[in-house]
1. Report, in debye and to the nearest 20, how large the dipole of segment 239-392 comes out about its Cα centre when Lys and Arg carry +1 and Asp and Glu carry -1 on their Cβ.
2. First check a/c for segment 306-354, with a ≥ b ≥ c the square roots of the eigenvalues of its C-alpha gyration tensor; if it is under 1.5, answer rounded, and if not, answer prolate when a/b is larger than b/c or oblate otherwise.
3. Carbon and sulfur atoms: what percent of the 1.4 Å accessible area of the chain do they account for?
4. How many Å² of accessible area per residue for the chain, probe 1.4 Å?
5. From the square roots a ≥ b ≥ c of the eigenvalues of the alpha-carbon gyration tensor of segment 243-283, which class results: rounded (a/c under 1.5), prolate (a/b over b/c), or oblate?
6. Is segment 1-119 best put as rounded, prolate or oblate by its Cα gyration tensor, with a ≥ b ≥ c the root eigenvalues, rounded for a/c under 1.5, and otherwise prolate when a/b is larger than b/c, oblate when not?
7. Using a Gaussian network for the chain with springs between C-alpha atoms less than 10 Å apart, which of these wobbles most: ARG74, ARG15, ARG312?
8. For the chain, count all C-alpha to C-alpha pairs, find those more than 39 Å apart, and express that count as a whole percent of the total.
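The values are calculated or read from the model by the stated rules, or taken from the named source; none is laboratory data. Quick caveat, the model's predicted, so the values are computed rather than measured. As a convention, Cβ positions derive from the backbone with ideal geometry for all residues, glycine included, and neighbour counts pool all protein chains shown. SASA here: full protein model, heavy atoms, side chains in, ligands and nucleic acids out. Shrake-Rupley method; radii C 1.70, N 1.55, O 1.52, S 1.80 Å.
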Amino acid sequence: MSVDLWRDKGTQLDRQRFTWKELTPAPYSKLNADAFTRVRVILMNGIEADALRLKHAMAKVHRDLQPLLAQLRRVEQHQQTLINWLHPPDQNPLETTLGFEQVAIEVTASVAQREPDQYLAQVYRFGLLEDFDHLYRFGALYDRMEGKDPNTITQSYTDILPGRPTSIEHRHPTDDLRLSYDRFAAHPLTKLHALAITAAEFQTHDYYMTIGPMFSDPGARQLYAEIASIEEQHVTQYESLSDAEETWLEKWVLHEAMEVWCYQGCVAYETDPRIKAIWERFLDYELGQLALARKTFEDVEKRDVQTLLPERLPEVIDYREHREFVRATLNREVDLRAHGTQFVDKAELPASSPTHAYREHLNSEGSPSETVAAGWRWTPGTELTALGATPKGNGQVKKGLKQ
């Protein structure tokens, strides 16, 4: 459907209702559904969680808006519930983790290629190579703990290879801050990108912080603790891209537009008819929520929403594999390091950088990400080595992982 961000009214808020049966739908199939269906479910769960987070923060500083925000949050709570309950019960937390990192890689790759601002595109490529390495580390953990090929989850859309090593991603907090876009000059797509990627990374951080302590394996517990720390760094990085001078109502309008934009992408690419119907329903809901945000913004700030939003949606997220782009980025930029708000080659990072001491202390008793993936690369036909059997075929074994 064609979306008019200035005029479409969508579904009225009082008609955005659910039953418990609707909120707990049949899940997708872990192995039979296309991996990008999982990618979209994970992403949109994070988008809705971020919508709730924003409106709770707004309610603390806008008493007059509390009744409206409370009504909106309840709908978004139920939207997030329905999306989150699409995950199948036989998909364990580590398998869901592989999906989280596939989201970070493929969605960020799409954003990096379409970002109009060259500096921000560089920021996305920088973060992309770190999430690329996280998938490799969790892939090694999946093999180590379950003796399974992580490609059964990612369906080989995404390479599972080392990126910028996780052990050197740890930076002093001031080296994770970036330059923001200018709220008056930035392309609308730039604003949508920053909001969407921040929401995705925030959800990843929260998920790892929740499930990490649930593992009994010491290596798994430490790996989740390590990568959760990097995810907080990524949230810091991406949220700093938004102009801090934007008003609360401005941020609200932009967030609603970003949600519309994300659901439009889901509708355009979803291959499962049942789940596509959910995206279509929620797209109409978000248009209704955007209409309320538009009206409130114009009534309170006496500004035309056309100063914030384009009439039509920009290009949506491209839900496909970006293997060649990621490989090219890896070859060119894996040795880049953050120095303040800029990126330099690792040889140019000053010895005085506070990141050196910060990282050395964290890794002084070992690096979980290095330990779990020492010498590891998946080799087809070696699934049974975890059980002590002799593999068939070429006889290669998984190196560096003692079961």
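1. Dipole size: approximately 640 debye.
2. Working: a/c = 5.46, a/b = 1.63, b/c = 3.36.
Oblate, because a/c is 1.5 or more while a/b does not exceed b/c.
3. 53
4. 43
5. In terms of gyration-tensor shape, prolate.
6. Oblate.
7. Highest fluctuation of the listed residues: ARG15.
8. 19
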